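All remarks here apply to the structure that follows.
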Amino acid sequence: MRLGRVIGTVTPCVVCDGLEGVPMLIVQPLDKRKNPVDSPIVAADSTRMAAPGELIYYESIREAALALDPWFVPVNDAIIGIVDDVHYFDLEET
Amino acid sequence: MILGRVCGAIHSTINHQFYDNRRILLVDRLGLDGKPSGDYIIAIDSVDAGAGETVLVIDEGNSARQIVKDDMAPLRSIIIGIVDDVEVPEL
C-alpha cells in the first residue's frame, strides 16, 4: 500500500459489468513525506467516501479488486482508506 | 520479503472493514547497509513492532492472507518479524 491524494474524479458513462456505480477518483501517488511522485492514476474507491483533496492510502493489482464488492472486477488500483493523520516517529533521517 | 524500519503510523477511521482496529504502519525499505533506501511501504502489523525497529515485511497477497486467515482480505503487505541482526559478510 502507498499514500495518495485524491485530486479529481472520473465519471465513466460505460464500464464493464461489476463496476457500475463504483466511484473512480484521480489519485496522485505520494512519497513518505506526502510529496507527489510518479504520474496520477485512476483508482476505484472502496470506501465510497473519499473526496478531492483528501489524503488516502491505496492498494494495487489483485488486492485492489479484493477491496471491492463484487470483488472479481477488473480494477488495477483501489482506495482502501482515508488517512486522518500520519504520525512520523522522529528517527534520525539517515 | 523486505527489510524495513518502522518509521510512522497511519491513523484512519474511514477504511475498508478489514483494516478496522489494525495497526497500519509506515515502513522505510532498508538497504543491506541498514540505511533507508528512500522507498517506503504501508504494512499492517502482526508482531507488535515498535517505532524504529527493523522488521521483516511480506509484500505478497497470498502469503499475507494466509497469515490473517482471511481469503478476502485486500492485504498485501504485513510485518511478520522483528529483526535482531543483519549480517552480510564481505565476499
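The values are calculated or read from the model by the stated rules, or taken from the named source; none is laboratory data. Everything quoted here is computed from the prediction, not taken from an experiment. Methodologically, a virtual Cβ is constructed for each residue, glycine included, from the backbone with ideal geometry; neighbour enumeration extends over all protein chains shown.
Some points to look at:
- Count of segment B:43-84 residues which are of a type in the set (D, E, K, R), touching a residue at least 40 places away in the same chain (Cβ under 8 Å) and under 19 Å from residue A:64 (Cβ atoms): 2
- Residue match in segment B:75-85 (condition: closer than 14 Å to residue B:18 by Cβ and in a loop (DSSP other than H, G, I, E, B)): yes
- Applying a threshold of 8 Å to beta carbon distances and a minimum spacing of six or more residues, or different chains, the list of pairs starting in segment A:23-36 at a residue that is in contact (Cβ under 8 Å) with a residue 24 or more places away in the chain and ending at one that is among the basic types (Lys, Arg) and not in a loop (DSSP other than H, G, I, E, B) reads A:27/A:5; A:28/A:5; A:29/A:2; A:30/A:2; A:30/A:5; A:34/A:5; A:36/A:5.
- Of all residues in segment B:14-43 being more than 9 Å from chain A (Cβ to nearest Cβ), assigned to a loop (DSSP other than H, G, I, E, B) and within 22 Å of residue B:72 (Cβ to Cβ), the one that is modelled with the lowest pLDDT: B:21
- Condition check for residue A:81: of a type outside the set (Phe, Trp, Tyr), crowded, with 19+ Cβ neighbours inside 10 Å, in contact with a Phe, Trp or Tyr (Cβ under 7 Å, 6 or more places away or on another chain) and without any contact (Cβ under 8 Å) to a residue 40 or more places away in the chain: yes
- Total residues in segment A:7-22, condition β-branched (Val, Ile, Thr), assigned to a loop (DSSP other than H, G, I, E, B) and touching a residue at least 24 places away in the same chain (Cβ under 8 Å): 1
- Among (1) over 25 Å from residue A:55 (Cβ atoms); (2) more than 9 Å from chain A (Cβ to nearest Cβ) - the single one residue B:49 does not satisfy: (1)
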